[in-house]
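The next block holds one structure in the form of structure tokens; read it before the comments.
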Amino acid sequence: MRLSEASAHLASFSARIKEEPFLHMNVARNGSVKTSWISSTAVKAAEAMLSTCSSPYEKRCLLQILAAADFGDAGAASAYFHRLCWKISLAEPSLRKDEDAYLGNEVLHDASLLAALEMNGRWEHARSWARQLEISGASWKDAVHHVTEAQAEAMVVEWKEYLWDVREERAALWGHCQTLFLRYSFPPLKAGLFFLRHAEAIEKEIPARELHEMLLLSLQWLSGSMTKSPPVYPLHLLREIETRVWLLAVESEVQSKPEGDLILSNSIHNIVTGTSASIIEQTANVIAKMDAHINTMRLRASERNAMRENNLPHSRHLQFGDSHSSVTTASSTRTKRRSKTYLQIRRPTETIENSNDSDDNLNSPNNILSSGEVSKNTQITEENMQIEASVSGWEEKVRPAEVERAILSLLEFGQITAAKQLQLKLSPSYVPPELVFVDAALKVADLSSPNSSGEINLSELDHEVLSVVQSLPAVSKDHADLLQVLESLAAKCSQGCGRGLCWRIISVVKSAKVLGLTFSEAFEKRPIELLQLLSLKAQESLEEAKLLVQTHVMSAPSIARILAESFLKGLLAAHRGGYMDSQREEGPAPLLWRFSDFLKWAELCPSEPEIGHALMRLVMTGQEIPHACEVELLILSHHFYKSSACLDGVDVLVTLAANRVESYVSEGDFSCLARLITGVSNFHALNFILNILIENGQLDLLLQKYSTADTGSATSEAVRGFRLSVLTSLKLFNPHDLDAFATVYNHFDMKHETASHLEFRSTQFIHQWFSRRYRDRQTEDLLEAMRYIIESAEVYSTIDAGHKTYRACARASLLSLQIRIPDLNYLELTETNARRALVEQSRFQEALIVAEAYDLNQPSEWAPVLWNLMLKPDLIEEFVAEFVTVLPLQPSMLLELARFYRSEVAARGDQSHFSVWLSPGGLPAEWVKHLGRSFRCLLKRTRDLRVRLQLATIATGFGDVVDSCTKVLDKVPESAGPLILRRGHGGAYLPLM
């Protein structure tokens, strides 16, 4: 038979089965029996057909047709065949799909198929198969929960293999397990024991914070608060876990406080509670909800017990009197089932007795319920035994000493209510003295007022607090100093056992007095709110704010946000009052608005990058902030980014500044741009702002802002960087603006650059003079050039640059010579032309100017000058007279002139054969006489007798000079020193040699 024909026959059969009861309306009971018989017979026939199928494929096709048929048994047979069809598709190797090849080549039975699916991680298939197995019989009860637990355990194994070293990944693991349990309605007892078991296994491997989160999750599951159900764990064991949770919460808080560590966004605790408070506050909130839930469940159980006791005789009467009132019986049965769920945990024996006595009729429907309850009670008793066996280790871990430590630790962190509740739960007979001291400190602090002088009247205290206060040292009978009493109470408490809370009370008392509040008003506020109020009185409350931050736990971002907002308020007030340009003492007191004050307050925040982030956040999210205030925020933000080496923050700031520059330029607010670049001092990254200012002619404003900025504390590197950046921008945008360069050089006192710049400007004017058409008549350019070169000489003289000063003065003298003698060109000569001009000078002063200007003032350079004047005795006498007053007659120069003289006289004995190059127009008639006279002038000016004798001997023809020198030298002994003096005509002693 084909599949389509078989399907049609079964469809017809299903239709007849549905119509059969309606054909026998009058004999409903017989019709029912007949339909049941037909259905069972059809199922047996179908099973017989399945057994004759020769291949798994045929069997699966037949099962698909049978699963779609209706056998008239409310879908039981159809579900049965559907389960067999689903199973054969996975259990038979020949029918599996490619993705199911991992199940092996063997035919799998029910249990082995479920195990194979779990082993290979096919959790959805395993869960579907488990649901079908649960429907098949009681032996597969809780199969779905078994799959869920196996999946969670597999996740733990996988995480331990790959991701266990990462803290965030471990937190994500427990979050995934929590989500898995909630999604598939995992039993609270198993879920709680799961977290409890793993917490005990990895207790030494993970930080206290993670262990605290796991135990807190376990506590919520076991108490029923996670699923809003009655507790599934003994109350005394829940208290043990609660104590352990408190200890871990305190330990985690202590570890996270110095590190400034914030609560992870993906932490399990945040997933459960949805809060971002401190660990202790979160724990207090969760445990408070848990206690409220347990009390609510206890009240409901009591009400149900009372209702059951009242309704028990009436329900028995109904059971014996009316066997057809099934609705009432089912209702009372549901009430009993709900009431016994919680009682079986508290009193399992009593619950079993009550369930056994609830019905005596074995044939009634309630008997089935009672037997089910007995089996349920037996199962819960086994679970209770499992509970006792699984948590015996935790009972041993929490001892009385740890209970007291948990109470005092809670007290230290300000959880007074939680500490008292824990003390009443675990040790109601013993009250730690620290609780008494803290309670006394609170009541004493409540007597403080803003207008009080600091003393309190002891008569206002109750008897218990008065006895505690009077036991303190330095306390009189009637009055006492408030702060002294509080400090003494703080000293009474041990470190970590309430002393921190007492000091927090002291800080709140001081803050309340500054703010003009009562202690109760200030104590009710959060510490961050008090800090915000104190920051608005910045110049009066810095010490109180320091104490508040030291004694309270506040996150760095919160402190930074408060400081940034207070600073912005002060800036806005200072901007309206016109105090921002000068950071003087006058201003919007007592607001925080000056840089120096803000730097003091910034010490309250342990993280400098957070201050930068908070200031930047105000700029990025603030509305209608004036540009002047915005710039100050950016400058401060960059200061903290730079000091903390937060490069990412610097990059964001530079990007933001680049985006805001266009608006500043469009509004012409160059003053704010200049303030920004000079205040930030990051000239490399903000070089574009410098370029904009230079391009728009705002150099003077830029230098003015830099002068008014706090450059006293600036390093030489920062000053050099600003100077270099300004000069680079000038050379890029205004390379011909020499006045701007001079302004920069003078502003930064750059002596060498200033002098070089003046020399350059002088050269420019000289070139300008050369370009004139009638330059011999126009001397204005030369005068300007002379002025600049004299100024450069003055600058050089102030920095002990003697050689450059000398050169500048020589150049100035040359300019003056050019002005006096415009017919000849003395400027910008080559080396050869300069020597020619020097030789042609007949006067010593002009020759000296030329020689010094062109670096020719050397003995070898003066010999041609003197030889050119040898035929002019009158000129050479005057020249040599001026020469010796300024320069010495060097022997090398004189010897060279003597050799010139001898060579010329010896070679040119006759005038007709004398060289004409010495005189363009020919030699004078008495050239020998003039030449001898000129040389005698040189001999006369030579004071050293030996040099004079040597010159006369080399030149020849001066016998008288040789004889006179020899006569004088003969009187001098050979052993005489070089400084032998002779009395001259004027009475002075002159050296002979």
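Which count do you get for residues in segment 673-688 that are assigned to a loop (DSSP other than H, G, I, E, B) and hydroxyl-bearing (Ser, Thr, Tyr)?
Count: 1.
Pick from segment 934-953 the residues that are in a loop (DSSP other than H, G, I, E, B) and open to solvent by less than 80 Å² (accessible area, probe 1.4 Å): which of them is nearest to residue 865 (Cα to Cα)?
942
Which pairs turn up if I take residues in segment 435-457 that are aromatic (Phe, Trp, Tyr) and look for partners that are buried (at least 17 other Cβ atoms within 10 Å of the Cβ) with beta carbon separation below 8 Å, at least 6 apart in sequence or on another chain?
So the pair list comes out as 437/468; 437/489; 437/492; 437/493; 437/498; 437/502.
Consider only pairs whose beta carbons are under 7 Å apart and that are at least six residues apart or on different chains; among these, list those whose first residue lies in segment 514-539 and is farther than 15 Å from residue 447 by Cα and whose second residue is small (Gly, Ala, Ser) and open to solvent by 60 Å² or more (accessible area, probe 1.4 Å).
Hits for this filter: 539/589.
Only one of these is of a type in the set (Lys, Arg) and in contact with a Pro (Cβ under 8 Å, 6 or more places away or on another chain): 525, 537, 510. Name it.
Every option except 537 fails the conditions.
Could you please find all residues in segment 728-741 being part of a helix (DSSP H, G or I) and surrounded by fewer than 18 Cβ atoms within 10 Å (Cβ to Cβ)?
Within segment 728-741, 728, 731, 732, 733, 738, 739 qualify.
Out of 225, 229, I need the residue that is under 19 Å from residue 418 (Cβ atoms), of a type in the set (Gly, Ala, Ser) and open to solvent by 10 Å² or more (accessible area, probe 1.4 Å). Which one?
Selected residue: 225, the only one of 225, 229 that is under 19 Å from residue 418 (Cβ atoms), of a type in the set (Gly, Ala, Ser) and open to solvent by 10 Å² or more (accessible area, probe 1.4 Å).
Exactly one condition in (1) of a type outside the set (Phe, Trp, Tyr); (2) open to solvent by 50 Å² or more (accessible area, probe 1.4 Å); (3) in a helix (DSSP H, G or I) is not met by residue 553; state its number.
(3)
With the requirement that a residue be in a helix (DSSP H, G or I), open to solvent by less than 50 Å² (accessible area, probe 1.4 Å) and within 22 Å of residue 749 (Cα to Cα), what does segment 689-707 give you?
If the condition is that a residue be in a helix (DSSP H, G or I), open to solvent by less than 50 Å² (accessible area, probe 1.4 Å) and within 22 Å of residue 749 (Cα to Cα), then 690, 693, 694, 699, 701, 702, 703, 705, 706 are the ones that fit.
Output the number of the condition that residue 678 fails; it satisfies all remaining conditions of (1) open to solvent by less than 40 Å² (accessible area, probe 1.4 Å); (2) polar (S, T, N, Q); (3) within 18 Å of residue 609 (Cα to Cα).
(3) is the only condition that residue 678 fails.
Looking only at residues that are aliphatic (A, V, I, L, M) and farther than 19 Å from residue 183 by Cα in segment 115-161, which one is surrounded by the most Cβ atoms within 10 Å (Cβ to Cβ)?
117
Filter segment 528-543 down to residues that are open to solvent by less than 40 Å² (accessible area, probe 1.4 Å) and either part of a helix (DSSP H, G or I) or under 24 Å from residue 499 (Cα atoms) (or both), then give me how many there are.
7
Residues 292, 330, 306: which one is at pLDDT below 50, open to solvent by 10 Å² or more (accessible area, probe 1.4 Å) and assigned to a helix (DSSP H, G or I)?
It is 330.
Name the residue that is surrounded by the fewest Cβ atoms within 10 Å (Cβ to Cβ), counting only residues in segment 479-493 that are of a type in the set (A, V, I, L, M, F, W, C) and in contact (Cβ under 8 Å) with a residue 40 or more places away in the chain.
This residue is 490.
Can you pull out the residues in segment 165-192 that are open to solvent by less than 30 Å² (accessible area, probe 1.4 Å) and under 23 Å from residue 205 (Cβ atoms)?
If the condition is that a residue be open to solvent by less than 30 Å² (accessible area, probe 1.4 Å) and under 23 Å from residue 205 (Cβ atoms), then 170, 171, 172, 173, 174, 175, 177, 178, 180, 181, 191, 192 are the ones that fit.
Specify the residue that is modelled with the highest pLDDT; the eligible residues are those in segment 432-442 that are out of contact with any Lys or Arg (no Cβ under 9 Å at 6 or more places or on another chain) and more than 21 Å from residue 521 (Cα to Cα).
Out of the qualifying residues, it is 436.
For segment 797-804, check the following and say yes or no: at least one residue is modelled with pLDDT of 90 or more, more than 24 Å from residue 777 (Cα to Cα) and among the aliphatic types (A, V, I, L, M).
Within segment 797-804, none of the residues are modelled with pLDDT of 90 or more, more than 24 Å from residue 777 (Cα to Cα) and among the aliphatic types (A, V, I, L, M).
For residue 610, work out the one condition from (1) in contact with a Pro (Cβ under 7 Å, 6 or more places away or on another chain); (2) more than 26 Å from residue 647 (Cα to Cα) it doesn't fulfil.
(2)
Being without any contact (Cβ under 8 Å) to a residue 24 or more places away in the chain and either of a type in the set (A, V, I, L, M, F, W, C) or not in a helix (DSSP H, G or I) (or both) is the filter here; which residues of segment 631-672 pass it?
Listed by number, the residues that qualify are 645, 647, 668.
Which of the numbered conditions does residue 823 fail, given that it passes all the others? Conditions: (1) part of a helix (DSSP H, G or I); (2) open to solvent by 60 Å² or more (accessible area, probe 1.4 Å).
All conditions are met except number (1).
State the number of residues belonging to segment 510-527 that are part of a loop (DSSP other than H, G, I, E, B) and under 32 Å from the mean Cα position of the chain (by Cα).
Going through segment 510-527 one residue at a time, the tally reaches 2.
Can you find a residue in segment 572-591 that is under 22 Å from the mean Cα position of the chain (by Cα) and either modelled with pLDDT under 90 or open to solvent by less than 20 Å² (accessible area, probe 1.4 Å) (or both)?
no
Return the pairs, sorted by first residue and then second, in which the second residue is basic (Lys, Arg), the first residue lies in segment 606-627 and is open to solvent by 30 Å² or more (accessible area, probe 1.4 Å), the beta carbons are less than 8 Å apart, and the residues are 6+ apart or on different chains.
617/561
Looking at residue 203 and the list (1) within 25 Å of residue 132 (Cβ to Cβ); (2) in a loop (DSSP other than H, G, I, E, B); (3) open to solvent by 20 Å² or more (accessible area, probe 1.4 Å), which single condition is not satisfied?
Unmet condition: (1).
The values are calculated or read from the model by the stated rules, or taken from the named source; none is laboratory data. Not measured: the values here are computed from a predicted model. With ideal geometry, Cβ positions are generated from the backbone for all residues, glycine too; neighbour counts draw on all protein chains shown. Quick note on the areas: whole protein, heavy atoms, side chains included, nothing else; ligands and nucleic acids left out. Shrake-Rupley method; radii C 1.70, N 1.55, O 1.52, S 1.80 Å.
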